[in-house]
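Visitor: What follows is a structure written as structure tokens; I'll ask about it next.
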Amino acid sequence: MKRLIYLICLLPLGAVAAPSGSGEYDIIPRTVNFVIFAVILYYLLVNPVRHFYKSRILKISSRLDEIQKKLLESKSKKLDMMKKLEEAKANAAEALIVSKKEAEILANGIREELQEELALLDRHFEEQKEYELRKMEKEVISQVLAELFDENSACFGQKEIVNIMMKKAS
């Protein structure tokens, strides 16, 4: 680019000047003026345009980096959540197995308690039955003896006593 500027500066001024009165067009001076204008415009605008594009590229790359960073974070969070989900599934399966075992243990414990209670109730029933039988026997015997002693010392034989007792028992 610098060579072009030197070339333009070194051109003879006569070539740049427009011909007078001839029918030629002034294309060469206009071209030189346009080139000079383009070079000046280039030198004035090159740095701001470069700066603008560089800043634009930096902004885009920084946004891309941020997006990639967020993507990596979301992937890591996804992996963490997947691990937690697998752990939760495993814990749920273990909890289900443990709860089934506990339910079986509780059911067996309740069943055993009920069997013990039923056995205790049967034992109490048998004891109560025996008690009532003894009480009834005592009452019968006391009534028989009371009748025997009420009849003025009557002598009874063994058969008669047994008959009286049988009557009272039935």
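Each value in this text was obtained by applying a stated rule to the coordinates, not by laboratory testing. Keep in mind the model is a prediction, meaning the values are calculated, not measured. Note that each Cβ is placed from the backbone with ideal geometry, even for glycine, and that neighbours are counted across all protein chains shown.
Visitor: Suppose R0 equals 35 Å. What FRET efficiency, 1/(1 + (r/R0)^6) with r the Cβ-Cβ distance, do Ser62 and Ile40 give to the nearest 0.05?
Guide: Values: r = 34 Å, r/R0 = 0.98.
In this case the efficiency is close to 0.55.
Visitor: Fully extended, how many nm does the chain gain between Tyr53 and Ala119 (0.36 nm per residue separation, minus their Cα-Cα distance)? Numbers along the way, then the final one.
Guide: On the way: separation 66, 0.36 × 66 = 23.76 nm, distance 9.65 nm.
In short, 14.1 nm is gained.
Visitor: Extension gain Lys135-Ile27, at 0.36 nm per residue separation less the Cα-Cα distance, in nm?
Guide: Values: separation 108, 0.36 × 108 = 38.88 nm, distance 15.09 nm.
The Lys135-Ile27 span can extend by a further 23.8 nm.
Visitor: Still on this structure: Go from 0 up to the bin containing the longest alpha carbon distance in region 36-99, width 10 Å each, and give me the % of pairs per bin.
Guide: Bins of 10 Å from zero give 18, 19, 16, 13, 11, 9, 7, 4, 2, 0 percent of pairs.
Visitor: Sticking with this structure for a sec: Determine the alpha carbon to alpha carbon distance for each of Lys135/Lys167; Lys138/Lys159; Lys78/Lys100; Lys59/Lys84; Lys59/Lys83 and list only those over 29 Å. The partial results should precede the final answer.
Guide: Values: Lys135/Lys167 17 Å; Lys138/Lys159 20 Å; Lys78/Lys100 33 Å; Lys59/Lys84 37 Å; Lys59/Lys83 36 Å.
Going by Cα-Cα distance, Lys78/Lys100; Lys59/Lys84; Lys59/Lys83 fall outside the 29 Å limit.
Visitor: What do you get for Rg/Rh of region 100-170 when both radii come from the Cα atoms and Rh is the Kirkwood radius?
Guide: Values: Rg = 24.0 Å, Rh = 16.1 Å.
Ratio of gyration radius to Kirkwood radius for region 100-170: 1.50.
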